[in-house]
1. Among the numbered conditions (1) of a type outside the set (Ser, Thr, Tyr); (2) touching a residue at least 40 places away in the same chain (Cβ under 8 Å); (3) in contact with a Ser or Thr (Cβ under 7 Å, 6 or more places away or on another chain), tell me where Pro337 comes up short.
2. Could you grab me the full set of residues in the range 96-136 that are small (Gly, Ala, Ser) and either over 18 Å from Gly49 (Cα atoms) or touching a residue at least 60 places away in the same chain (Cβ under 8 Å) (or both)?
3. Would you check which residues across the range 371-387 are free of Cβ contacts under 8 Å to residues at least 60 places away in the same chain, farther than 12 Å from Lys358 by Cα, in contact with a helix residue (DSSP H, G or I) (Cβ under 7 Å, 6 or more places away or on another chain) and not charged (D, E, K, R) and list them?
4. Sort out which residues of the range 56-72 are within 27 Å of Ser134 (Cβ to Cβ), out of contact with any helix residue (DSSP H, G or I) (no Cβ under 6 Å at 6 or more places or on another chain) and surrounded by 15 or more Cβ atoms within 10 Å (Cβ to Cβ), and write them in order of number.
5. I'm checking my understanding of the structure. Among residues of the range 85-108 that are modelled with pLDDT of 80 or more and either open to solvent by 70 Å² or more (accessible area, probe 1.4 Å) or not aliphatic (A, V, I, L, M) (or both), which one is nearest to Thr73 (Cα to Cα)?
6. Please give the number of the condition Gln245 fails out of (1) free of Cβ contacts under 8 Å to residues at least 40 places away in the same chain; (2) within 25 Å of Tyr336 (Cβ to Cβ); (3) polar (S, T, N, Q).
7. Taking the range 195-218, which residues are at pLDDT 65 or above and assigned to a loop (DSSP other than H, G, I, E, B)?
8. Looking only at residues that are open to solvent by 80 Å² or more (accessible area, probe 1.4 Å) and in a helix (DSSP H, G or I) in the range 302-357, which one is farthest from Leu405 (Cα to Cα)?
Amino acid sequence: MLNRFHNAPLSQQIATLAAILCLLVSLALVILGAISSKHLQNQQQLEFGNALAHQIARRVSVALETGDLLSITASLQRFVETSSAEKVTIFDVEGKTLGEAGHSSGQYLSQHRASVRIESDIAGEVLVTVSAASSAAAHQRFVLSLLGLSILLSLTVYGVGLQLGRRLGNRVSKLASTLALDETPASGNSPNELSLLESRVASLPMDLLRTRNDIEAREENYRSTAVLHLHLDSLADYVDTLDEQSLQRYTDRLHQVVYASSGFYGGDLHVSRQFALTVYFSGPNNAGSAAFRAASCAWLVQAVSGELEQVMPLSMKISMAISQSELGMGDSKDIYPGLYMQHTLDELQTVCASKPPKLLLSPTVREDTDIEGRLQLQATEVMDYWMLESFAGPYQDLLERQLRLILKRLMDPALI
């Protein structure tokens, strides 16, 4: 039901909603009017019944004083015949019936009492029964007439809303036609104009029409970053000798080794050159400084590669070097850090071209506090870079455990 209403034309939606709202407001007013009129009617009925009771009490007071019961009965009978009272009964002070006229039956009956006085003394009581059936019928006709007016008003509002909705729907349809592309097909079978407009707008090439003006600098692109450069020496030799399937398996294994090693230290892996990968480390981390994490990752890559070479027919020689950049790697919204990073990558590529047997660290990386306190280095003649010899005891133990975890995963026979 809701789906049918959602797909209905805009004119019917507006007309239906307006009519329902009008009907709800009208029904609320009808209820309020019915309650108010009923309360007023009951108040008038009470006053009328009390007036009848006092009137007959005054009439029979003289006859009651003389004890003329025949006259009392005749007075009660004439009162029932000439008034709207259904039944009249008179009692003495002891509650005994002295006279009665008429009879009461049906619904909507109300009883009213009045004291019969002889001078200042109470000589009896009159009980008058009045039927409110005619008043109830009149009240029912009043409520039904209000309901009819409410329905008539709602139908009128529906007709007016239908016309206004058609005008609005025609304007929306014209707007949708204006936005339609030549190759845009009609979407769905929904006659709703708003749905058609939504489909037309969704088909527009908004990416081509919207300018990219979000050039706010991201903080992570302007933090000091440790750059681990890995030149894939063996891959450069195999690219012309292996078939495509074998080359794909070999590069997948290289990816697994580097990805698993960098995962321990929060590295961000990227392809930076044709035969080179770069892992970026920045920001705080419980494992240590960015430079120390880069050195740990490099040790894992070299150790895992050495172990895998013993069970693989192919070599996995990788030349590695680490340097420090004042900025990050940038992104599509801010290219300046990426341009600034190119100088560092070019320098690392030059260092790795000498194919060092172990990891080389730049002079700026060597000055890192964690590097000085946790690593043993040896000077080289390659652009003042330093070669990694070993890690301090506890850190070497940690790396050995991480190495075993990686090998346990990668040495699975199904993956070799």
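1. (3)
2. Those that are small (Gly, Ala, Ser) and either over 18 Å from Gly49 (Cα atoms) or touching a residue at least 60 places away in the same chain (Cβ under 8 Å) (or both): Gly99, Ser110, Ala114, Ser120, Ala123, Gly124, Ala132, Ser135.
3. Selection gives Val382, Met383.
4. Within the range 56-72, Ala57 is the sole residue that qualifies.
5. Per the stated criteria, the residue is Glu100.
6. Going through the list (1) free of Cβ contacts under 8 Å to residues at least 40 places away in the same chain; (2) within 25 Å of Tyr336 (Cβ to Cβ); (3) polar (S, T, N, Q), Gln245 breaks only (2).
7. Leu204, Pro205, Arg218 - these are the residues of the range 195-218 that are at pLDDT 65 or above and assigned to a loop (DSSP other than H, G, I, E, B).
8. It comes out as Tyr336.
The values are calculated or read from the model by the stated rules, or taken from the named source; none is laboratory data. What you see is a predicted model; the values in this text were computed from it and never measured. We place every Cβ from the backbone using ideal geometry, glycine too, and count neighbours over all the protein chains shown. SASA here: full protein model, heavy atoms, side chains in, ligands and nucleic acids out. Shrake-Rupley method; radii C 1.70, N 1.55, O 1.52, S 1.80 Å.
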